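Chemist: One structure follows; several queries about it will come next.
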Amino acid sequence: MWSEIAGIRGLWEDHWVVGGDFNVVRFESEKLNCTSRSKAMKLFSEIIQDLDVIDLPLHGAQYTWSKGDNCLQASRIDRFLISNEWNDSFNDVRQIALPKVISDHRPIILESGDWDATPSFFKFENMWLQSEEFLGKLKSWWQNYTFTGRADFILIQKLKSLKKDITTWNREEFGKVKTRKNRALEQVAEDRQLTLSEANQMVSIRIEL
C-alpha cells in the first residue's frame, strides 16, 4: 500500500489528501497501553516524511477505534494526511473525531475554518413516515393551496408553502431533533469502561439515535 500511495504522490503535484483506516499507529501514545514502538510504527512515520505530507493533530478524541463499549483496546488508526499545497490553500485545516454510534470507529472530518454562513436546505426526514398522519396531512396541505398563474409558478409556490407546513408540523410533532441528537451524541462520546447499567443505557441511546 505504501508503494501505491508513493506512486500517486509522485504523479500528483497539485492539492493532495488521503484519509482512512491505515490500520497502524505512529507513536506509543496513539495506542492504549502501548510502551514501545514497533517496526511497522517506525515505517509509517518514515513513509509520512518521505511523502512530504502533514499528519494533522487530532481534535476531539485521543483514539479513533476502540473494541466494545468497555474500551479494553483502543488506538488512533484513522487519520487524514494532507500535502503542503493543500495546507497552504485552506485556512485553519483541522481533523476532528466525532462520536461513534454503531461502528467501532469514530468518524473523522477534515474541516477548514472561517466558513461563510450558508442558507439551510430543506431535507426530507425518513422519520416523518413513521407518523400515521403524515401522508394524510401532506395530501390535505397540497390540495388546499390555491395559486394562479403559469404551471411552473404554481408548482414553485406550492412547494414553498409545503416546506413551511412540514417544518411547522415537524417541530410540533418531533420537537427539536437536533438538540436531542446532540445530547445523545454527547452521552456516547466517552471512551471508557462502562458499568452494566451504563452499557444497557447506551444501547437505548443508540436505538434512539
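The values are calculated or read from the model by the stated rules, or taken from the named source; none is laboratory data. Owing to the predicted nature of the structure, the values given are computational and were not obtained by experimental measurement. Methodologically, a virtual Cβ is constructed for each residue, glycine included, from the backbone with ideal geometry; neighbour enumeration extends over all protein chains shown. Ligands, DNA and RNA are stripped out before the accessible areas are found, and what is left, the full protein with its side chains, is counted by its heavy atoms. Shrake-Rupley method; radii C 1.70, N 1.55, O 1.52, S 1.80 Å.
Yes or no, residue by residue, for (1) modelled with pLDDT of 75 or more; (2) open to solvent by 70 Å² or more (accessible area, probe 1.4 Å):
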position	(1), (2)
Gly149	no, no
Ile156	yes, yes
Leu162	yes, no
Gly175	no, no
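Chemist: Out of (1) open to solvent by 50 Å² or more (accessible area, probe 1.4 Å); (2) within 23 Å of Leu196 (Cα to Cα), the odd one out for Asp52 is which?
Modeler: Failing condition for Asp52: (2).
Chemist: Also: Filter the stretch 83-111 down to residues that are modelled with pLDDT of 90 or more, open to solvent by less than 40 Å² (accessible area, probe 1.4 Å) and part of a strand (DSSP E or B), then give me how many there are.
Modeler: 4
Chemist: To continue, here is another question. If the requirement is being open to solvent by less than 60 Å² (accessible area, probe 1.4 Å) and among the charged types (D, E, K, R), which of these qualifies: Glu13, Glu30, Glu4, Glu46?
Modeler: On the way: Glu13 fails: open to solvent by less than 60 Å² (accessible area, probe 1.4 Å); Glu4 fails: open to solvent by less than 60 Å² (accessible area, probe 1.4 Å); Glu46 fails: open to solvent by less than 60 Å² (accessible area, probe 1.4 Å).
The conditions single out Glu30.
Chemist: Within the stretch 68-77, identify whether any single residue is over 20 Å from the mean Cα position of the chain (by Cα), under 18 Å from Leu110 (Cα atoms) and modelled with pLDDT under 90, and answer yes or no.
Modeler: no
Chemist: Could you list, in sequence order, the residues of the stretch 58-82 that are touching a residue at least 60 places away in the same chain (Cβ under 8 Å) and either open to solvent by less than 30 Å² (accessible area, probe 1.4 Å) or within 19 Å of Val25 (Cα to Cα) (or both)? Lay out the reasoning, then the answer.
Modeler: To start, the set of residues in the stretch 58-82 that are touching a residue at least 60 places away in the same chain (Cβ under 8 Å) comprises 61-63, 66, 69-72, 74, 79-82.
Residues satisfying the conditions are Ala61, Gln62, Tyr63, Ser66, Cys71, Leu72, Ala74, Arg79, Phe80, Leu81, Ile82.
Residue-by-condition table, conditions (1) of a type in the set (Gly, Ala, Ser); (2) touching a strand residue (DSSP E or B) at 6+ places or on another chain (Cβ under 9 Å):
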| site | (1), (2) |
| --- | --- |
| Met1 | no, no |
| Val17 | no, yes |
| Gly20 | yes, yes |
| Gly60 | yes, yes |
| Thr64 | no, yes |
| Arg76 | no, yes |
| Phe80 | no, yes |
| Phe90 | no, yes |
| Val93 | no, yes |
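Chemist: Take Leu196 and decide whether it is within 30 Å of the chain's Cα centre (by Cα), of a type outside the set (Ser, Thr, Tyr), surrounded by fewer than 13 Cβ atoms within 10 Å (Cβ to Cβ) and at pLDDT 85 or above. It would help to see each step written out before you state the result.
Modeler: Working: within 30 Å of the chain's Cα centre (by Cα): yes; of a type outside the set (Ser, Thr, Tyr): yes; surrounded by fewer than 13 Cβ atoms within 10 Å (Cβ to Cβ): yes; at pLDDT 85 or above: no.
Judged against the criteria, Leu196 is not a match.
Chemist: Can you find even one residue in the stretch 135-145 that is among the aromatic types (Phe, Trp, Tyr), in a loop (DSSP other than H, G, I, E, B) and open to solvent by less than 60 Å² (accessible area, probe 1.4 Å)? Walk me through how you get there before you give the answer.
Modeler: Within the stretch 135-145, the subset among the aromatic types (Phe, Trp, Tyr) is 141-142, 145.
So of that shortlist, the ones also in a loop (DSSP other than H, G, I, E, B) come out as 145.
Checking the rest, the ones that are also open to solvent by less than 60 Å² (accessible area, probe 1.4 Å) come to 145.
So far as the stretch 135-145 goes, yes, one or more of its residues are among the aromatic types (Phe, Trp, Tyr), in a loop (DSSP other than H, G, I, E, B) and open to solvent by less than 60 Å² (accessible area, probe 1.4 Å).
Chemist: Hey, Phe122 hits all of (1) exposed (fewer than 13 other Cβ atoms within 10 Å of the Cβ); (2) in contact with a Gly (Cβ under 8 Å, 6 or more places away or on another chain) but one; which does it fall short on?
Modeler: (2)
Chemist: Just need a number here: residues in the stretch 16-27 that are open to solvent by less than 50 Å² (accessible area, probe 1.4 Å) and not in a loop (DSSP other than H, G, I, E, B).
Modeler: To start, the set of residues in the stretch 16-27 that are open to solvent by less than 50 Å² (accessible area, probe 1.4 Å) comprises 16, 18-20, 22, 24-26.
Those left that are additionally not in a loop (DSSP other than H, G, I, E, B): 18-20.
Matching residues across the stretch 16-27 total 3.
Chemist: Which condition breaks for Ser36 when tested against (1) in contact (Cβ under 8 Å) with a residue 24 or more places away in the chain; (2) open to solvent by 30 Å² or more (accessible area, probe 1.4 Å); (3) of a type in the set (Ser, Thr, Tyr)?
Modeler: Every condition holds for Ser36 apart from (1).
Chemist: Considering the stretch 146-175 alone, what residues qualify as being among the basic types (Lys, Arg) and not in a helix (DSSP H, G or I)?
Modeler: Start the filter on the stretch 146-175 by keeping residues that are among the basic types (Lys, Arg), which leaves 150, 158, 160, 163-164, 171.
Answer for the stretch 146-175, where residues must be among the basic types (Lys, Arg) and not in a helix (DSSP H, G or I): just Arg150.
Chemist: Is there any pair linking a residue in the stretch 43-55 that is in a helix (DSSP H, G or I) to one that is of a type in the set (Lys, Arg) and at pLDDT 85 or above, with Cβ under 7 Å and at least six apart or on different chains, and which?
Modeler: Close Cβ pairs satisfying both conditions: Phe44/Arg26; Ser45/Arg26.
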